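Since the structure comes first, as C-alpha cells, the remarks are kept for the end.
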Amino acid sequence: MGTCGSTTQPPAAEPSDDPKDYWNVLSGKKSTWTKEEEDVFDLTERLFRPKEPRTEHGDTNQFQFQLMEKDDETGEWDSFVRVENLTTAGNHSTMFWRVRIISRDGNLEILEHLEYDPSMKGKFAR
C-alpha cells in the first residue's frame with residue numbers, strides 16, 4: 001500500500017498597499033496637503049498603479065503627480081498626472097492623464113479619466 005503524498009505551499013503574500021512597492025519613481029505628493037488632498041492623490045495613484053510590485057530587474061514605472069484643482073461649486077476634483085513605463089524589452093510609453101473625482105456620501109469616486117496632450121492646453125482625448 002502506498003502513502004498519499006501531499007504538498008503544502010506557503011500562503012501567498014498579501015499584496016502591498018505601499019505605492020513605493022509599485023513605482024520606481026513616485027513624485028508630487030506634498031507634506032502640506034489636507035487629508036482630502038492626500039485622499040485625491042491616493043485614489044489617483046491607485047488608478048494607475050501597476051498590477052504587480054516592482055522588481056529589481058523588471059519594468060520601470062514612474063508616477064508623477066502634477067497638480068490638482070477643486071471646483072468649490074461642484075466639489076469636483078481634477079488631478080493631472082504623468083505615467084511612464086519602460087519595459088525590459090525596451091518599449092517606452094509616456095501618458096498624461098486628467099482624473100475627475102467627486103465626493104459622494106463622504107467617499108471619493110472617480111468620475112472619469114481622460115488622456116491629454118500637455119502641448120494642447122485644455123484639449124483632452126476621448
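So how many residues does region 58-88 have that are closer than 19 Å to GLU38 by Cβ and of a type outside the set (Asp, Glu)?
12
Could you tell me whether THR94 is more than 13 Å from GLU37 (Cα to Cα) and not in a strand (DSSP E or B)?
Judged against the criteria, THR94 is not a match.
If we keep just the residues of region 36-69 that are among the basic types (Lys, Arg) and at pLDDT 95 or above, which is nearest to GLY106 (Cα to Cα)?
Checking each candidate, the answer is ARG46.
Could you look through region 24-41, keep only residues that are surrounded by 15 or more Cβ atoms within 10 Å (Cβ to Cβ) and in contact with a helix residue (DSSP H, G or I) (Cβ under 8 Å, 6 or more places away or on another chain), and pick out the one that is farthest from VAL83 (Cα to Cα)?
Among them, the one singled out is GLY28.
Surrounded by 10 or more Cβ atoms within 10 Å (Cβ to Cβ) and in a loop (DSSP other than H, G, I, E, B): which single residue out of GLU52, GLU115 fits that description?
Among GLU52, GLU115, only GLU52 is surrounded by 10 or more Cβ atoms within 10 Å (Cβ to Cβ) and in a loop (DSSP other than H, G, I, E, B).
Which residue is nearest to SER16 (Cα to Cα), if the candidates are limited to region 55-69 and must be open to solvent by 30 Å² or more (accessible area, probe 1.4 Å) and assigned to a loop (DSSP other than H, G, I, E, B)?
Ranking the qualifying residues of region 55-69, first place goes to THR55.
Would you be able to tell me the number of residues in region 70-91 that are part of a strand (DSSP E or B), among the polar types (S, T, N, Q) and either out of contact with any helix residue (DSSP H, G or I) (no Cβ under 7 Å at 6 or more places or on another chain) or at pLDDT below 95 (or both)?
Adding up the residues that qualify gives 1.
What number goes with the only condition from (1) closer than 17 Å to MET95 by Cα; (2) touching a Lys or Arg at 6+ places or on another chain (Cβ under 9 Å); (3) of a type outside the set (Phe, Trp, Tyr) that GLU36 does not pass?
Status for GLU36: all satisfied but (1).
Name the residues in region 72-82 that are of a type outside the set (Gly, Ala, Ser), farther than 20 Å from ASN24 by Cα and open to solvent by less than 70 Å² (accessible area, probe 1.4 Å), would you?
Correct list: GLU76, TRP77, ASP78.
The values are calculated or read from the model by the stated rules, or taken from the named source; none is laboratory data. Being a predicted model, the structure only gives us computed values, none of them experimental. Using ideal geometry, Cβ is built from the backbone for each residue, glycine included, and neighbour counts are taken over all protein chains shown. Ligands, DNA and RNA are excluded from the accessible area calculation, which covers all protein heavy atoms including side chains. Shrake-Rupley method; radii C 1.70, N 1.55, O 1.52, S 1.80 Å.
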